[in-house]
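This report concerns only the one structure given below.
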Amino acid sequence: MSAIKKFQVTFDCAEPERVARFWCAVLGYVVPPPPKGFATWGDFDRSLPPERQGASFACGDPSGVGPRLYFQRVPEGKVVKNRVHLDVRVGTGLVGEERLATLEAECARLVALGATRVQLLRADGFDESCIVMQDVEGNEFCLD
């Protein structure tokens, strides 16, 4: 049997730090300390060649359990639906009105952070309710 591997989730985006800080607020993730010799990430960024400044950013689970999130600048904008998306699990174990109330409360918090509410998908007998959303650059995710 093979060992479980650690992995990171990489986002293509236009503004890596902005998107990373949004996801930090969503998930309770933190920005790691800057590289040795730099007081801030801004200091590190200014040390890079101009074309690399602002090109990437990362954050991680402060407990070290969840995957690292990496954000990289790409020249093209988002044009189609994501083939992979994150489900932010805020309603695990809840059903009915209690689940909907929990999803709606988290949706309101994330909209205040810059997310966009797309659609409420109501429970259908197979799946529980969830809310489809978009992050600050339009990447889809679900509140589940």
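Counting only DSSP beta bridges with both residues in the chain, the antiparallel share comes to about 60 percent.
Rolling a 1.4 Å sphere over the protein heavy atoms, what is the accessible area per residue of region 39-144, to the nearest Å²?
Counting only protein heavy atoms, the per-residue value for region 39-144 is 61 Å².
Against the chain, whose longest principal axis is taken from its Cα atoms, helix 96-112 shows a tilt of about 30°. Taking every DSSP helix (H) stretch of at least 4 residues in the chain, weighting each as -39,500 (n - 2.57) and dividing the sum by the residue count yields a mean residue ellipticity at 222 nm of -7500 deg cm²/dmol.
At most 14 other Cβ atoms within 10 Å plus a DSSP loop assignment makes a site exposed; report the longest stretch of the chain without any exposed chymotrypsin sites (Phe, Trp or Tyr not before Pro).
By the stated rule (loop sites, at most 14 other Cβ atoms within 10 Å), 39-125.
The GluC sites (Glu not before Pro) found in region 10-84 that occupy coil by DSSP, while having at most 12 further C-beta atoms within 10 Å, are Glu76. For region 50-122, trypsin sites (Lys or Arg not before Pro) meeting the loop criterion (DSSP other than H, G, I, E, B) and having at most 13 other Cβ atoms within 10 Å: Lys81, Arg83, Arg89, Arg122.
Ranked from largest, the principal axis spans of the Cα set of the chain equal 54, 39, 30 Å. Relative to the globular-protein estimate of 2.2 N^0.38 Å, the Cα radius of gyration of region 89-144 stands at 1.07. Nonpolar atom fraction for the chain, defined as the carbon and sulfur part of the 1.4 Å probe accessible area, stands at 57 percent.
The values are calculated or read from the model by the stated rules, or taken from the named source; none is laboratory data. Everything numeric here is computed off the predicted structure, so don't read it as measured data. All Cβ positions, glycine included, derive from the backbone under ideal geometry; neighbour counts span all protein chains shown. In case anyone asks, the SASA skips ligands and DNA or RNA and just uses the protein heavy atoms, side chains included. Shrake-Rupley method; radii C 1.70, N 1.55, O 1.52, S 1.80 Å.
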